[in-house]
1. Where the second residue is assigned to a helix (DSSP H, G or I) and the first is closer than 10 Å to VAL42 by Cα and lies in the stretch 53-67, which pairs have Cβ atoms under 8 Å and are six or more apart or on separate chains?
2. What's the number of the only condition in (1) buried (at least 16 other Cβ atoms within 10 Å of the Cβ); (2) outside any helix (DSSP H, G or I); (3) touching a residue at least 40 places away in the same chain (Cβ under 8 Å) that ALA44 fails to meet?
3. With VAL180, VAL163 as the choices, which residue is of a type outside the set (Asp, Glu), buried (at least 21 other Cβ atoms within 10 Å of the Cβ) and either more than 20 Å from the chain's Cα centre (by Cα) or at pLDDT 95 or above (or both)?
4. List every residue pair whose Cβ atoms lie under 6 Å apart, where the two residues are 6 or more positions apart in sequence or sit on different chains, the first residue falls within the stretch 93-121 and is touching a residue at least 40 places away in the same chain (Cβ under 8 Å), and the second residue, located anywhere, is assigned to a helix (DSSP H, G or I) and polar (S, T, N, Q).
5. With respect to PHE235, is the statement that it is surrounded by 15 or more Cβ atoms within 10 Å (Cβ to Cβ) and without any contact (Cβ under 8 Å) to a residue 24 or more places away in the chain true?
6. Among the polar types (S, T, N, Q), free of Cβ contacts under 8 Å to residues at least 60 places away in the same chain and crowded, with 17+ Cβ neighbours inside 10 Å: does that describe SER145?
7. Go through (1) in a helix (DSSP H, G or I); (2) in contact (Cβ under 8 Å) with a residue 40 or more places away in the chain and name the single condition GLY86 misses.
8. If I ask for residues that are under 19 Å from PRO175 (Cα atoms) and in contact with a Gly (Cβ under 8 Å, 6 or more places away or on another chain), which ones from the stretch 87-125 would you list?
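The values are calculated or read from the model by the stated rules, or taken from the named source; none is laboratory data. Fair warning: this is a prediction, and the values are worked out from it, not measured in the lab. Reconstructed Cβ throughout: ideal geometry from the backbone, glycine too, with neighbour counts over all protein chains shown.
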Amino acid sequence: MDEINATFRPDLFAGRRLLVSGASSGIGLAVARGFRDVGAEVTATGSSEAKLAAARADGRNDGIRFAPLDVRDPAAITGFVGALPGLDILVNAAGIARPEAEFTEATYLEVIEVNLNSVMRLSMAARPHLAASRGSIINFASMLSYLADPSVPAYGASKTGVVGLTRHLAHAFGPEGIRVNAISPGYHRTDMTKPLWSEPEAAARIAARSALKRWGEAEDLVGTALFLASPAAAFLTGADVPVDGGYVTG
């Protein structure tokens, strides 16, 4: 993270307000820290009280406001976002995968709710704030927006949907000055991918396919998120940026 911090002005987002969902751990938390480190006022949400409590107790997260939010609950989203005094950047990072179990309808629908429907709900709830600030939205898609994994049909469908939704919202919100972009991570070492990176043979096979011959870290996604929300990307919208170490093209 130190190299990332040195790349951007420490006051780049001073006074700017950020909301990031799915940020009690993993990619969402790394992004929350990254924006905090360049001056943003960060609100990070999650659905697990235990994870939120652990995040609050971690000194590395000082300066980040953590709050509970069930992204499956439309009323909760409307109330939470509506109560914010303002917003400049929305990062939709909430996501779950349920390998093999996603073939049951209940689990399939739960994954779609968290990974895709929450993006629409949060974006719509944040729209008035973002129109007022001429802000931006960053959605987290996945390399499985482009590749198939037979064990996670709901995850793949939802993340493919995120790419499509990003493009449509970019055009719907663009006249209001709101930019909407996506990031597609590859294999990054998080709790979700731990069953793979903690198994030496699987971890080595995945690293070998990538162009950089390694796994990504959550922090590898931060610089791209900062760029997409910054003035340097003022004419960039409707895009999906792969941050996968070259895995999809491998």
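1. GLY63/ARG36; ILE64/ALA32; ILE64/ARG33; ILE64/ARG36; ILE64/ALA55; PHE66/LEU52; PHE66/ALA55; PHE66/ARG56
2. (3) is the only condition that ALA44 fails.
3. Values: VAL163 fails: buried (at least 21 other Cβ atoms within 10 Å of the Cβ).
After applying the criteria, what remains is VAL180.
4. Partner pairs satisfying both residue conditions: ALA94/SER118; GLY95/ASN115; ARG98/THR107; VAL111/SER158; ILE112/SER158; ASN115/SER158; LEU116/SER158.
5. Criteria not met by PHE235.
6. So SER145 fails the test.
7. With (1) in a helix (DSSP H, G or I); (2) in contact (Cβ under 8 Å) with a residue 40 or more places away in the chain applied to GLY86, the lone miss is (1).
8. LEU87, ASP88, ILE89, LEU90, ALA125
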